[in-house]
Amino acid sequence: MDLEKFEEFVSQYPIYEYRILSAREIQTVPRVREICRIECERYGSTWACPPGVGTVEECDKRIHSYTHGIFFSSVAEVSDLLNMEEMLTTRRAHEDLSTAMGEYMEEQGYEVFILSTESCDICRECAYKRGEPCVHPKRMHPCLESHGVVVYDIALEHGMEYQLDGNVILWFSLVLFREKGSAEKSA
Ligand code: SF4
């Protein structure tokens, strides 16, 4: 990976911090999925959430079929952090940024898989509810938690900010990547 070129790419976007991780260090924690099941109203309602994303074992295997990941945050400011609706309006910009990061890596010749924030809300009603395949598999990013990834742990481990003062939100994504064809070679 050409780091200088990557830095140049990153500098065009409001990326707050990023780290390039080895996929080996990314852990999947089954307990996170339990929290999704018990506490999240989106559980079982989109292809971006469990159980639509597959079992914990399948998610773990998917993550580790990639060699590296770009873990990054972007920043958004709202008038009131407790206003969930306003907070969620800032999410789309981060999702678009995640897509742009994935496209950049694909242009550099890598295969990518993106994990991002919350559940997917691209369609008015998710095809999951109709038992049909996802309508926009390239634009849809499952949330990090759906794959059992603990954002806080990675941020802590890598000395990244997890929370900022004031009415500022940090959104996180992980763009996993591998050399083209490497998955077939190692299978
Ligand atoms: S793109 Fe549409 S069909 Fe696919 S997960 Fe998102 S809401 Fe569901």
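The values are calculated or read from the model by the stated rules, or taken from the named source; none is laboratory data. Predicted model, so just to flag it, every value in this text is computed and none were measured. Glycine also receives a Cβ, built like all others from the backbone with ideal geometry; neighbour counts cover every protein chain displayed.
For the structure I just gave you, tell me whether Glu161 is of a type in the set (Asp, Glu) and more than 19 Å from Arg42 (Cα to Cα). So Glu161 passes the test.
The set of residues from the stretch 105-119 being more than 11 Å from the chain's Cα centre (by Cα) and either surrounded by 20 or more Cβ atoms within 10 Å (Cβ to Cβ) or not in a helix (DSSP H, G or I) (or both) comprises Met105, Gln108, Gly109, Tyr110, Glu111, Val112.
Contact map, the stretch 1-26: residues that are touching a residue at least 40 places away in the same chain (Cβ under 8 Å) paired with residues that are among the basic types (Lys, Arg) and surrounded by 12 or more Cβ atoms within 10 Å (Cβ to Cβ), Cβ distance under 9 Å, separation 6+ or inter-chain. Pairs shown: Ala23/Arg178.
Being outside any strand (DSSP E or B) and more than 16 Å from the ligand (Cβ to nearest atom): is that true of Asp96 here? The answer is no for Asp96. The residues of the stretch 122-154 that are free of Cβ contacts under 8 Å to residues at least 60 places away in the same chain and more than 11 Å from the ligand (Cβ to nearest atom), listed by number, are Gly131, Leu144, Val151, Tyr152. The criterion of being touching a residue at least 60 places away in the same chain (Cβ under 8 Å) and either farther than 16 Å from Tyr18 by Cα or touching a strand residue (DSSP E or B) at 6+ places or on another chain (Cβ under 7 Å) (or both) holds for Gly166. Scanning the stretch 162-174 for residues that are surrounded by 13 or more Cβ atoms within 10 Å (Cβ to Cβ) and farther than 18 Å from Tyr13 by Cα yields a total of 3.
For Thr55, the conditions (1) more than 16 Å from the ligand (Cβ to nearest atom); (2) under 17 Å from Ser22 (Cβ atoms) all hold with the exception of (2). For the stretch 68-94, what are the residues that are surrounded by 18 or more Cβ atoms within 10 Å (Cβ to Cβ) and at pLDDT 90 or above? His68, Gly69, Ile70, Phe71, Phe72, Ser73, Ser74, His94, listed by residue number.
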